[in-house]
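Asker: Next up is a structure, given as structure tokens.
The values are calculated or read from the model by the stated rules, or taken from the named source; none is laboratory data. Just so it is clear, the model here is predicted, and its values are computed rather than measured. Cβ atoms come from the backbone with ideal geometry, glycine included; neighbour counts cover every protein chain shown. Note: accessible area is taken over every heavy atom of the protein model, side chains too, but ligands, DNA and RNA are not part of it. Shrake-Rupley method; radii C 1.70, N 1.55, O 1.52, S 1.80 Å.
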Amino acid sequence: MKQTNAFPRRYFMVFGTFLLALLLYVDRICISVAKDPIAENLDLSDKQMGWILAAFSLGYAFFQTPSGILVDRFGPRKILASIVTIWSVFTAITGLAWNFISLLVVRFLFGAGEAGAFPGMSRAIYSWIPLKERGIVTGINFSGSRLGAAFSLPVVAWLITEFGWRVTFVILGAIGILWAVIWYVLFRDNPEDHKGISPNEKDYIISTRQDKQVAKTKETINFGALLKSKNIWFAMGQYFCSNFTFFFALTWLFPHIKELYNLDTVEAGLYTAIPLIFGAFGNWFAGWLIDRTFKKGKWEASRRFPAALGFFLAAVGLIGSIYMTSAVGAIVFLSIAIFGADMTLPPSWAFCVDIGKKHAGAVSGTMNMAGNIGAFITALLFPYLLAWTGSTTLFFIVGAVLNILAIVFWYQMKPQKNFKEY
């Protein structure tokens with residue numbers, strides 16, 4: 001159907017969620033870049049820093065499903081504006097930490113604040129995006145998170161060098177609050193409620209999205225009902241494996257590369273940005289592959305094949321990195337690993353919207369909860385295995401095995417069946 005708008009309104013929504021994902025990971029990875037000055041200033045060991053990095057994941061995991069349920073009930077407009085404000089406040093408060101316990105508590109609450117971001121995006125996608133565009137839109141959103149992380153590595157390293165880690169966290173907090181205000185003013189939960197959308201585009205969205213009528217009831221679902229679904233359990237299992245690999249890039253990759261190859265802060269930031277940029281490419285490629293396969297009438301394959309290919313590449317990249325003796329070689333294989341791990345994101349989140357529909361927030365939040373338990377374990381396991389074995393080899397082997405296991409999970413998942421049916 002012909003569109004009258006030069007730039008359809010739904011793409012403005014996608015641009016807003018892309019910026020949200022970018023901001024989400026700028027704020028998240030900042031702690032990794034600031035590890036050395038924070039540890040020096042607060043007299044923290046590597047194991048204590050591991051707990052601080054893990055505290056975020058624990059808060060983030062615990063509040064995924066509750067946040068998703070809130071998004072389904074009250075809509076992504078109010079909930080996303082609220083949670084971005086909350087996490088931005090705790091981002092700024094990070095700069096006020098004075099010891100291990102205070103930093104641990106603040107990062108846990110920061111993680112809890114961020115928990116509803118991606119479930120909120122999923123619920124917005126369900127209402128605003130045609131089914132045949134779901135893969136590429138999800139890929140664009142998650143590429144924002146990877147570009148945000150990649151961008152922040154050298155830039156945040158420079159900010160910390162120029163202004164100190166405390167001021168840097170305050171600056172990032174202020175940027176987040178600005179996003180929240182703009183989102184609340186411009187976004188509406190459904191295209192039917194947006195006064196700026198053209199009649200042609202509104203009709204096009206309604207006729208091509210998964211459900212013609214988006215329910216506006218306040219119906220909610222409890223956590224126990226979600227856990228009765230095989231689809232959800234398999235989604236949780238594979239996402240645990242995906243996050244185990246990717247969260248290494250957000251937490252320990254920077255200090256690992258910096259120390260192992262004796263790099264300065266900015267140089268290490270530039271090196272470790274490369275895998276994250278490849279992660280963005282992985283999201284775009286998987287999103288394109290999903291929609292291309294779906295348009296051929298292969299709904300199941302459009303979710304399964306991109307995810308399976310991604311997990312295979314992630315396993316190859318992790319194992320290959322073990323044998324590298326230079327920073328360049330290690331980054332090449334870790335870029336393959338992160339490209340592959342990020343290929344698994346668009347099919348995972350598209351799958352949640354497929355089976356969740358009006359409960360997409362709760363379903364995707366539950367999957368993301370399991371994923372961030374994987375992230376929590378990654379943040380702790382890396383320093384503890386390193387201390388135990390004196391090498392990173394075992395950590396990468398564990399990650400590779402999990403990636404192969406995730407492929408098995410994917411071939412048990414059924415995107416055409418609602419979570420209440422399977």
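Asker: I need the chymotrypsin sites (Phe, Trp or Tyr not before Pro) found in the range 229-326, filtered to DSSP loop residues with at most 10 other beta carbons within 10 Å of theirs.
Answerer: Sparse-neighbourhood loop chymotrypsin sites (Phe, Trp or Tyr not before Pro): TYR323.
Asker: Then there is this: Going by Cα centres, the range 123-202 and the range 354-422 are how many Å apart?
Answerer: The distance from the Cα centre of the range 123-202 to that of the range 354-422 comes to 24 Å.
Asker: Could you run the Karplus curve 6.51 cos²θ - 1.76 cosθ + 1.60 with θ = phi - 60° over the range 357-374 and give me ³J(HN,Hα) per residue in whole Hz, x for Gly and Pro?
Answerer: Calculated HN-Hα couplings, in order: 6, 5, 9, 4, x, 5, 5, 5, x, 5, 4, 5, 4, 5, x, 7, 5, x Hz.
Asker: Let me check I have the definition right: for the range 255-366, take the eigenvalues of the Cα gyration tensor, multiply each by 5, take square roots. What are those semi-axes in whole Å, largest first?
Answerer: 33, 15, 11
Asker: OK, next. Considering the chain as a Gaussian network with a 10 Å cut-off on Cα pairs, which listed residue, THR265, THR389, THR17, attains the greatest mean-square fluctuation?
Answerer: In this elastic network of the chain, the residue with the biggest mean-square fluctuation among THR265, THR389, THR17 is THR389.
Asker: Can you list the aspartates and glutamates whose alpha carbon is less than 14 Å from that of LYS202, not counting same-chain residues fewer than 8 positions off?
Answerer: Answer for LYS202, where 14 Å is the Cα cut-off: ASP189, GLU192, ASP193, ASP211, listed by chain and number.
Asker: What 222 nm value per residue comes from the helices of the chain, counting each DSSP H run with n ≥ 4 as -39,500 (n - 2.57) and dividing by all residues, nearest 500 deg cm²/dmol?
Answerer: That calculation yields -26500 deg cm²/dmol at 222 nm.
Asker: Can I ask one more? Could you give the angle, 0 to 90 degrees to the nearest 10, between helix 165-186's Cα long axis and the longest principal axis of the Cα atoms of the chain?
Answerer: Tilt relative to the chain: about 0 degrees.
Asker: Send over the Kirkwood Rh of the range 246-289, from the inverse of the averaged 1/r over different Cα pairs, rounded to one decimal Å.
Answerer: This gives a value of 11.2 Å.
Asker: On to the next question. Keeping all protein chains in place and using 1.4 angstrom, which order do GLU114, GLU162 fall into by accessible surface area, from largest down?
Answerer: I get GLU162, GLU114, largest accessible area first.
Asker: Something else: Sequence gap at least 6, Cα distance under 8 Å: using those rules, report the relative contact order of the range 236-390 to the nearest whole percent.
Answerer: 37 percent
Asker: Calculate, in whole percent, how much of the Cα-Cα pair population of the range 127-167 lies beyond 11 Å.
Answerer: Value for the range 127-167: 69 percent of Cα pairs lie more than 11 Å apart.
Asker: Now, a different point. Which value, in debye to the nearest 20, gives the size of the charge dipole of the chain about its Cα centre, when Lys and Arg are +1 and Asp and Glu are -1 at the Cβ?
Answerer: Dipole size: approximately 1820 debye.
Asker: Measure of size requested: the Rg and Dmax of the range 1-160, with Cα atoms as the atom set and Å as the unit; please supply both.
Answerer: Looking at the range 1-160, its Cα Rg and Dmax stand at 17.4, 62 Å.
Asker: Further question on the same structure: Relative to the compact globular guide of 2.2 N^0.38 Å, what is the alpha carbon radius of gyration of the range 331-376, as a ratio?
Answerer: 1.36
Asker: Principal axis lengths of the range 294-422 from Cα atoms, whole Å, largest first?
Answerer: The principal-axis extents, from largest down, are 48, 30, 20 Å.
Asker: Just SER122, SER335, SER321 to compare: in a GNM of the chain, with alpha carbon springs under 10 Å, which one fluctuates most?
Answerer: SER321
Asker: When averaged across all projection directions, what area in nm² does the alpha-carbon convex hull of the range 65-130 cover?
Answerer: In nm², the orientation-averaged hull projection of the range 65-130 is 4.6.
Asker: What is the sum of charges around PHE294, taking Lys and Arg as +1, Asp and Glu as -1, for the other residues whose C-beta is under 11 Å from the C-beta of PHE294?
Answerer: +3
Asker: So, one more: Using the Karplus curve 6.51 cos²θ - 1.76 cosθ + 1.60 with θ = phi - 60°, work out ³J(HN,Hα) for each residue of the range 70-86 in order, rounded to whole Hz, and write x for Gly and Pro.
Answerer: Ordered by residue, 3J(HN,Hα) equals 5, 4, 5, 7, 10, x, x, 4, 5, 5, 5, 4, 5, 6, 5, 4, 4 Hz.
Asker: Among PHE281, GLY317, ALA327, which residue has its Cα furthest toward the positive end of the charge dipole of the range 255-372, with +1 on Lys/Arg Cβ and -1 on Asp/Glu Cβ?
Answerer: Most positive-ward Cα: PHE281.
Asker: Output wanted: per-residue J couplings in Hz (rounded whole) for the range 313-320, from phi through Karplus 6.51 cos²θ - 1.76 cosθ + 1.60, θ = phi - 60°, x for Gly and Pro.
Answerer: 5, 4, 4, 4, x, 5, 5, x
Asker: Return the label of the correct value of Cα Rg over 2.2 N^0.38 Å, as calculated from the structure shown, out of (1) 1.18; (2) 0.93; (3) 1.03.
Answerer: Evaluating Cα Rg over 2.2 N^0.38 Å on these atoms matches (2).
Asker: Continuing with the same structure: Find the relative contact order for the range 341-422 and round it to a whole percent, using C-alpha pairs within less than 8 Å whose residues are 6+ positions apart.
Answerer: 34 percent
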